[in-house]
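Peer 1: After the structure tokens below, expect a handful of questions from me.
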Amino acid sequence: MAALASTTMTKDRVPAGSLMTVILCCGAVFGAALPAAGADAPNFMGDRTTAWIPDRPTGDDFLPPPSGPGPVVSVKERPYVPNGVGQQPTYRIADLTNPILKPWAIERMKKANEEVDAGKVPYITREHCWPAGVPGYTVYTRVQPIHFIQTPTKVVIYNELNAQIRRIYLNVPHSANPKPTWYGESVGRYEGDELVVDTIGLNDKTFVDNYRTPHTEQIHVVERFKMIEGGRTLQALVTVTDPGAFNMPWSAIQRWRRLTDRPMVENLCAENNVDFFGYDRWPIPQTTKPDF
């Protein structure tokens with residue numbers, strides 16, 4: 001576990017300029033046999049041009065689970081409408097009556113709702129090029145696809161939007177006390193035709209969705225990825241437990257449709273210097289006197 005801990009305690013992102021090197025190094029596994037994990041182990045890679053894109057216009061929202069508590073959604077009187085669907089687009093206003101929410105989370109989200117009601121543009125993680133975290137990664141975009149790289153020891157999920165990368169280490173236990181990072185520590189295993197991913201060690205600087213739903217460092221996320229509909233659709237059943245932010249565990253679903261003849265694209269983006277949490281991470285330099 002020493003090797004895993006030393007790797008996952010760093011910021012789980014690839015510096016600009018080195019991403020394509022990582023992809024080229026891993027590219028040799030495309031088209032190779034999956035690791036020995038049972039005859040039913042899923043192959044999400046397909047060939048070199050297989051990608052997965054959210055399968056509906058509102059693909060940057062979670063779908064409700066088959067049963068039980070579900071994710072935060074829009075208030076009924078103001079549904080979320082994205083760009084490009086032939087209707088007037090809207091910004092999200094979260095339904096704060098969802099019983100999963102702790103009072104402090106409701107208060108924080110209420111302020112964000114009020115800003116949208118006042119005509120302000122809300123904070124949207126992807127528009128500021130900040131890391132999405134987990135499970136926000138699964139609803140980070142509704143336009144750009146994700147790609148899988150599967151090896152015997154690791155699965156890499158690459159989201160083309162802003163070159164967001166997740167690393168999932170296979171068949172190993174979690175570190176004893178992983179240092180909180182943007183994407184936490186993800187370990188996985190194959191269970192029949194599913195890839196099960198268990199993530200802990202997340203910092204509290206991300207949201208679980210695009211409704212600006214906060215979480216704490218106690219968050220624990222389990223994702224179950226599988227292909228359905230004859231391999232045309234990829235589905236993730238996400239379960240979130242965080243006693244610091246939520247009154248109960250809750251679940252949600254995300255689905256992507258398969259794209260073929262879609263090569264991997266590098267789309268880099270530098271983080272905005274100001275984030276939602278009210279501090280300048282990398283302040284933009286300002287001159288104190290005119291240049292001429």
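Peer 1: Quick one: in segment 140-166, of everything that is in a strand (DSSP E or B) and touching a Ser or Thr at 6+ places or on another chain (Cβ under 7 Å), which residue is surrounded by the fewest Cβ atoms within 10 Å (Cβ to Cβ)? Give the derivation first.
Peer 2: As a first pass, look at segment 140-166 and keep what is in a strand (DSSP E or B): 146-150, 154-159, 164-166.
With the extra rule that they be touching a Ser or Thr at 6+ places or on another chain (Cβ under 7 Å), the set shrinks to 159, 166.
Numbers: Asn159: 21, Arg166: 24.
Of everything passing the filter in segment 140-166, Asn159 is surrounded by the fewest Cβ atoms within 10 Å (Cβ to Cβ).
Peer 1: Now, a different point. Would you pick out the residues in segment 167-186 that are under 20 Å from Thr151 (Cβ atoms) and among the charged types (D, E, K, R)?
Peer 2: Arg167, Glu185
Peer 1: Assess whether Thr97 counts as being surrounded by fewer than 16 Cβ atoms within 10 Å (Cβ to Cβ) and over 23 Å from the mean Cα position of the chain (by Cα).
Peer 2: Details: surrounded by fewer than 16 Cβ atoms within 10 Å (Cβ to Cβ): yes; over 23 Å from the mean Cα position of the chain (by Cα): yes.
For Thr97, the condition - surrounded by fewer than 16 Cβ atoms within 10 Å (Cβ to Cβ) and over 23 Å from the mean Cα position of the chain (by Cα) - is met.
Peer 1: On the given criteria, is Glu107 within 20 Å of Pro122 (Cα to Cα) and outside any loop (DSSP other than H, G, I, E, B)?
Peer 2: Working: within 20 Å of Pro122 (Cα to Cα): yes; outside any loop (DSSP other than H, G, I, E, B): yes.
Taking the combined requirement at face value, the residue satisfies it.
Peer 1: Determine if segment 100-115 includes at least one residue that is within 28 Å of Cys269 (Cβ to Cβ), touching a residue at least 24 places away in the same chain (Cβ under 8 Å), touching a Phe, Trp or Tyr at 6+ places or on another chain (Cβ under 6 Å) and surrounded by 15 or more Cβ atoms within 10 Å (Cβ to Cβ).
Peer 2: no
Peer 1: Tally time: how many residues in segment 128-138 are under 15 Å from Tyr211 (Cβ atoms) and either modelled with pLDDT under 95 or of a type in the set (S, T, N, Q) (or both)? Walk me through how you get there before you give the answer.
Peer 2: Within segment 128-138, the first condition is being under 15 Å from Tyr211 (Cβ atoms), and the residues that meet it are 132-133, 135-136, 138.
Going one step further and asking which of them are either modelled with pLDDT under 95 or of a type in the set (S, T, N, Q) (or both), we end up with 132, 138.
So the count comes out to 2.
Peer 1: Further question: Can you tell me which residue in segment 225-274 is surrounded by the most Cβ atoms within 10 Å (Cβ to Cβ), limited to those that are touching a His at 6+ places or on another chain (Cβ under 9 Å) and acidic (Asp, Glu)?
Peer 2: Asp242
Peer 1: For segment 63-80, give me each residue that is crowded, with 16+ Cβ neighbours inside 10 Å and either farther than 23 Å from Arg108 by Cα or modelled with pLDDT of 95 or more (or both).
Peer 2: Within segment 63-80, Leu63, Pro65, Pro69, Gly70, Pro71, Val72, Val73, Ser74 qualify.
Table: residues versus (1) of a type in the set (S, T, N, Q); (2) within 16 Å of Lys226 (Cβ to Cβ).
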{"residue": "Glu160", "(1), (2)": "no, no"}
{"residue": "Ala163", "(1), (2)": "no, no"}
{"residue": "Arg166", "(1), (2)": "no, no"}
{"residue": "Asn171", "(1), (2)": "yes, no"}
{"residue": "His174", "(1), (2)": "no, no"}
{"residue": "Gly184", "(1), (2)": "no, no"}
{"residue": "Gly188", "(1), (2)": "no, yes"}
{"residue": "Leu195", "(1), (2)": "no, yes"}
{"residue": "Thr199", "(1), (2)": "yes, no"}
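Peer 1: May I ask you to verify whether Thr97 is assigned to a loop (DSSP other than H, G, I, E, B), at pLDDT 95 or above and hydroxyl-bearing (Ser, Thr, Tyr)? Step through it out loud before you land on a result.
Peer 2: On the way: assigned to a loop (DSSP other than H, G, I, E, B): yes; at pLDDT 95 or above: yes; hydroxyl-bearing (Ser, Thr, Tyr): yes.
The answer is yes for Thr97.
The values are calculated or read from the model by the stated rules, or taken from the named source; none is laboratory data. Worth saying up front: this structure is predicted, and the values here are computed from it rather than measured. Cβ: placed from backbone, ideal geometry, glycine included. Neighbour counts: every protein chain shown.
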